[in-house]
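Trainee: Handing you this structure, nothing more for now.
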Amino acid sequence: MSHFRLFVLVFFVIGLTCPAWAQEKFTINGTIKDNSNGEALIGVTVYVREISNGTTTNEYGFYSITLPKGTYTVDYSYVGFQTVSRTVVLDKNVQQPIELVPEASQLQEVVVKGEIEQANVENLEMSTNKLEIKTILRTPMLFGEADLLRSLQLLPGVSTVGEGASGFNVRGGNVGQNLILLDEAPVYNSSHLFGFFSVFNPDAVKDTKLYKGAIPSRYGGRLASILDVRMKEGNSKKFEVTGGIGTVFSRLAVEGPIVKDKASFIIAARRSYIDVLARPFVPILENGGALNFYDLTLKTNYDINRRNKIYLSGYFGRDVFRFDKTQGFNWGNATATLRWNHLFNERLFLNVTGVYADYDYALQFGKDERDRFSWNSSITSYIFRPQFTYFIDSRNELTFGADATYYSFIPANAEGVTNGDVVEISLGRKYNLETSVYAGNAQKISEKLSIEYGLRYSYFQYLGPGTEYIYGDTIPGLRKPVIGSKTYGSGEVIAQYGNFEPRFSFRVQAGQRASIKGSYNRMAQYLHLISNTTASNPLDVWNPTSNNIKPQLADQFTLGYFRDLTEDKKYEFSAEAYYRTTQNQIDYIDGADLLINQYLEGDLLSGIGRAYGLELYVQKKTGRLNGWVSYTLGRSELKVDGINGGQWYETRFNQLHNLKLAAFYDLTSRWQVSANFIFTSGTPTTFPTSRFTQQGILIPYNAFESRNNVHMPDYHRLDISFRLEGKKVKKNGKERKNSDYWVFSLYNVYARRNPFSIYFSQTDQRTPAGQAITSQATQLSIIGTIVPSVSYNFKF
């Protein structure tokens with residue numbers, strides 16, 4: 001199906017969803033902002049009393065409702081802000097911008113929510129979590145530092161294989177099956193310091209939303225989830241400085257107006273100094289060694305006029321790990337996003353985005369220039385994305401657009417030098433073009449029934465210059481031999497694939513306080529994260545779809561029950577069941593060579609997968625004591641010819657039970673205490689089933705060629721933090737203009753030695769002749785003790 005035909009389908013859908021306009025209609029629209037800083041508010045509820053219906057603001061704070069001629073009362077409400085009501089005489093199109101005032105004093109709230117106040121029951125969305133920054137800042141974390149990704153792992157369906165693991169897993173998917181966006185730019189490695197911290201500076205983040213299912217048609221490219229992180233725009237009313245000094249790193253953010261109420265900026269920076277503090281005690285750090293990270297986040301925007309606004313944002317971050325002045329490795333992300341918002345008329349909204357994103361790593365070993373080894377690798381993408389939103393009426397909101405992404409891969413620029421002789425072992429670049437078109441409509445059919453439906457078509461091309469390798473057949477599980485190759489010139493198509501990706505979801509109201517929701521979505525993924533380590537690491541390889549590697553496909557079905565447990569909606573409950581099947585899943589032969597391997601595709605195997613489970617979630621949203629409990633019962637399996645006898649086996653990140661508790665309590669007006677508890681089943685791993693000896697050396701052996709045949713011990717941990725707010729009033733009775741607070745944290749309170757891995761080794765003692773060689777199992781724990789920390793945070 002051509003792109004042109006799909007656009008014809010878009011306008012056909014418009015025709016179907018537009019009602020017969022038997023009476024004159026007008027539109028009310030505008031942008032809703034925070035009165036204190038001018039930030040656009042995402043997900044504000046705009047409710048029209050007379051029709052018992054409404055809408056929410058989009059990612060740029062914009063809303064639009066079309067109604068018959070008349071007089072209406074419109075309520076604008078958002079958690080943490082005073083509700084504003086306006087009476088509107090709609091006898092013409094009305095522009096109604098609103099600035100909401102933050103509540104001067106309020107009980108602390110848990111703000112893990114959907115887009116509107118009653119999202120648990122009344123919203124069409126499911127399998128979606130929105131995590132507010134003020135919740136992230138209150139959550140106990142390692143070294144007392146607020147962290148976005150670690151906070152997400154407290155939600156149902158989100159997990160990790162352990163401390164020190166980069167990224168996260170969603171509903172049984174691997175780390176590479178999550179699309180992580182920072183102001184629409186893809187982030188290929190989301191972790192600092194080997195997974196202990198994320199690349200997102202909380203001082204610069206405005207909004208975070210995780211889609212685990214019911215994914216709108218405007219998103220694509222990954223199978224398991226979409227994490228959409230939006231940056232602050234900067235205070236357009238006054239200058240502010242925010243920062244913190246912690247045990248591991250310090251941070252500083254400056255924001256303010258360039259032109260008051262029209263243009264603003266924010267610049268936020270972080271730098272760790274654990275290597276500086278440890279240098280007197282760690283010999284390796286005294287001779288030029290280093291272990292640190294730094295990042296810089298910045299954004300600016302300008303209101304050209306009522307119909308046009310532009311944004312420019314960027315991120316640059318790097319991790320450095322050196323053994324001395326010349327040996328070590330480093331890795332980092334760099335992104336830049338340019339966006340233009342345009343309002344064609346009162347109901348048609350356009351956002352055009354251009355993105356540059358790069359991830360690279362480099363390592364070098366050797367004593368001098370005559371004896372050394374160096375290697376660097378990178379993935380760079382250039383993205384163009386126009387997206388239209390057409391607010392048809394109060395019951396229909398149509399989204400349609402297109403994406404084009406050009407990829408440039410450098411698998412390896414590598415060379416070895418021995419006694420001055422240079423050996424070049426680099427691999428050739430790879431080039432790809434991924435395009436897509438999409439359309440989707442959110443439609444409220446009646447008070448009890450809402451649906452959202454959409455279609456996405458994605459098209460992927462593997463382009464020259466490059467070489468197509470042809471592999472012969474062999475016994476499943478063994479390395480495939482190369483039997484031929486073909487060279488292509490620049491721009492020639494080596495392989496191409498196209499996939500339709502339908503999306504559908506529904507909500508049926510089951511009384512005033514309950515609803516039933518369901519969804520189906522198909523996702524296609526053309527990039528593959530190649531890693532056979534226990535957890536993702538900075539040196540993992542991204543590899544594109546080719547003539548030998550097919551695109552991954554996933555079909556997910558979800559069904560959920562949502563209920564407000566009390567009339568005041570302070571307590572809510574949800575239960576979601578999901579089932580996902582996947583195709584063309586990658587695994588590896590035993591002994592696969594994944595790094596700097598020209599014939600890597602010969603070491604890869606392809607199969608099918610399945611993941612299914614039940615997520616339970618109970619949340620108390622307001623009061624001095626609030627928080628949530630989440631439990632996930634899940635299973636994730638693969639079936640690959642050549643592994644485990646061709647039978648189903650558990651994935652490395654499978655966790656049968658996953659229980660999380662998060663609690664927040666206001667002790668006094670200044671003291672707050674927070675606690676997390678996590679319990680997860682041990683993840684699978686592969687142990688040898690037998691052994692043999694050769695010349696006194698014990699060699700473990702897997703006689704049955706089984707994969708992930710045992711489970712690690714269970715993981716559990718308790719964290720507690722105390723927050724002390726600075727005094728609000730000076731001794732002379734005047735209110736302080738500045739604010740500050742201290743955070744005192746205890747991570748892993750009862751010093752649990754949770755296992756990250758278990759390995760076997762031969763004992764050092766000499767074995768007498770005739771006796772069996774003894775071996776021992778060693779458990780590796782990344783953090784096996786309690787970790788206290790303190791940090792000071794300020795704003796002025």
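Trainee: So for region 477-585, averaging the separation of alpha carbon pairs under 8 Å that are six or more residues apart and normalising by length, what relative contact order in percent results?
Mentor: Once normalised by length, the contact order is 23 percent.
Trainee: Could you order the peptides 583-592, 359-368 from most to least packed, using the average number of other C-beta atoms within 10 Å per residue?
Mentor: By packing density, highest mean first, the sequence is 583-592, 359-368.
Trainee: Taking the alpha-carbon centroid of each part, what is the distance from region 465-527 to region 42-91 in angstrom?
Mentor: 41
Trainee: OK, next. How would you order 621-627, 53-59 from highest to lowest mean count of nearby Cβ atoms within 10 Å?
Mentor: Output ranking for 621-627, 53-59: 53-59, 621-627.
Trainee: How much accessible area does Glu447 have with a 1.4 Å probe, in Å² rounded to the nearest 10?
Mentor: Surface accessible to solvent at Glu447 totals approximately 90 Å².
Trainee: Among Gly682, Ile274, Phe26, whose Cα sits farthest toward the positive end of the charge dipole of the chain (+1 at Cβ of Lys/Arg, -1 at Cβ of Asp/Glu, about the Cα centre)?
Mentor: Phe26
Trainee: For the peptides 323-336, 140-153, what is the packing order when you average, over each peptide's residues, the other Cβ atoms within 10 Å and list the highest mean first?
Mentor: 140-153, 323-336
Trainee: Please report the accessible area of Phe196 (heavy atoms, 1.4 Å probe, ligands and nucleic acids excluded) in Å², nearest 10.
Mentor: Around 40 Å² of this residue is reachable by solvent.
Trainee: Let me ask you something else. To the nearest 10 square angstrom, how much accessible area does Ile773 have with a 1.4 angstrom probe?
Mentor: We get 20 Å² for Ile773.
Trainee: Let me ask something additional. I'd like the orientation of helix 3-17 relative to the chain: the angle between its Cα long axis and the longest Cα principal axis, in ° from 0 to 90, rounded to 10.
Mentor: Tilt of helix 3-17: around 40 degrees.
Trainee: Give me the extension gain from Ser775 to Leu449: residue separation times 0.36 nm, minus the current Cα-Cα distance, reported in nm with one decimal.
Mentor: Full-extension gain reported as 111.0 nm.
Trainee: Determine the calculated [θ] at 222 nm for the chain from helices alone, applying -39500 (n - 2.57) to every DSSP H run no shorter than 4 residues and normalising by the residue count; nearest 500 deg cm²/dmol.
Mentor: Taken over the chain, the calculation gives -1000 deg cm²/dmol.
Trainee: Then there's this: Looking only at region 532-576, which residues have a backbone nitrogen under 13 Å from a spot 7 Å from the Cα of Leu616 in the C-beta direction?
Mentor: Within reach of a label on Leu616, which here means backbone N under 13 Å from a point 7 Å along Cα→Cβ, region 532-576 contributes 573-576.
Trainee: At 1.4 Å probe size, put Glu122, Glu637, Glu286 in order of accessible surface, largest to smallest.
Mentor: Accessible-area ranking of Glu122, Glu637, Glu286, largest first: Glu286, Glu122, Glu637.
Trainee: How many angstrom separate the Cα center of region 250-280 from the Cα center of region 664-696?
Mentor: Spelled out, the Cα-based centre of one part sits 33 Å from the other.
Trainee: Another question about this same structure. Once you have the Kirkwood Rh of region 422-493 from its Cα pairs, apply Stokes-Einstein at 20 °C and 1.002 mPa s and quote D in µm²/s.
Mentor: Translational diffusion coefficient: 125 µm²/s.
Trainee: Over region 24-103, with a single point scatterer placed on each C-alpha, what log10 of the ratio I(q)/I(0) does the Debye formula yield at q = 0.12, 0.14, 0.18, 0.23 1/Å?
Mentor: Per q value, in the given order, log10 I(q)/I(0) is -0.30, -0.41, -0.67, -1.05.
Trainee: How big is the charge dipole of region 649-710 about its Cα centre, in debye rounded to the nearest 20, if each Lys and Arg gets +1 on its Cβ and each Asp and Glu gets -1 on its Cβ?
Mentor: 80
Trainee: Something else about it: Amide H neighbours of Glu184 under 5 Å, counting only residues 5+ apart in sequence or on other chains, H built in-plane at 1.01 Å?
Mentor: Those qualifying (amide H under 5 Å, at least 5 residues apart or on another chain) are Val229.
Trainee: Need one number: nm distance between label points at Asn738 and Thr467, each 7 Å from Cα along Cα→Cβ, rounded to one decimal.
Mentor: Once both label points are built, they end up 6.3 nm from each other.
Trainee: Give, rounded to the nearest 20 debye, the magnitude of the charge dipole that the chain has about its Cα centre when Lys and Arg contribute +1 at Cβ and Asp and Glu contribute -1 at Cβ.
Mentor: The dipole magnitude comes to about 1940 debye.
Trainee: Just to be sure I understand the curve: with the Debye formula and one point per C-alpha of region 246-288, what is log10 I(q)/I(0) at q = 0.25 Å⁻¹?
Mentor: Calculated log10 I(q)/I(0) at the listed q: -0.84.
Trainee: Just want the answer: with Cβ charges of +1 for Lys and Arg and -1 for Asp and Glu, which residue in Tyr497, Pro465, Gly484 is farthest toward the dipole's positive end in region 446-599?
Mentor: Farthest along the dipole direction, towards plus: Tyr497.
Trainee: In whole angstrom, how long is each semi-axis of the equivalent ellipsoid of the chain, when you take the square root of 5 times every eigenvalue of its Cα gyration tensor and sort them from largest down?
Mentor: 44, 33, 27
Trainee: I've got another one for you. Order Glu576, Glu24 by their accessible area, 1.4 angstrom probe, all chains in place, largest first.
Mentor: These residues rank, largest area first, as Glu24, Glu576.
Trainee: When the label point is put 7 Å from the Cα of Thr763 along its Cα-to-beta-carbon vector, which residues of region 685-700 have a backbone N closer than 18 Å?
Mentor: 691-694, 696-700
Trainee: Can you compute the modelled spin-label distance between Val493 and Leu348, with each label point 7 Å from Cα toward Cβ, in nm?
Mentor: Result for the modelled spin labels: 3.1 nm.
Trainee: What's the long-distance tail for region 252-346, i.e. % of Cα pairs beyond 15 Å?
Mentor: Counting every Cα pair in region 252-346, those more than 15 Å apart make up 70 percent.
Trainee: Can I ask one more? Roughly how far apart, in whole Å, are the Cα centres of region 184-223 and region 698-773?
Mentor: Region 184-223 and region 698-773 have Cα centres separated by 24 Å.
Trainee: Quote the relative contact order of the chain in percent (integer), defining contacts as alpha-carbon pairs under 8 Å separated by 6+ residues.
Mentor: Rounded, it is 10 percent for the chain.
Trainee: Let me ask something else about it. Using a 1.4 angstrom probe with every protein chain in place, what is the largest-first accessible-area order of Asp261, Asp473?
Mentor: Ranked from most to least accessible, the order is Asp473, Asp261.
The values are calculated or read from the model by the stated rules, or taken from the named source; none is laboratory data. Every value quoted in this text rests on a predicted model; they were computed, and no experiment measured them. Every residue, glycine as well, gets a Cβ built from its backbone with ideal geometry; the counts of neighbours run over all protein chains shown. With ligands, DNA and RNA removed, areas are computed over all heavy atoms of the protein, side chains included. Shrake-Rupley method; radii C 1.70, N 1.55, O 1.52, S 1.80 Å.
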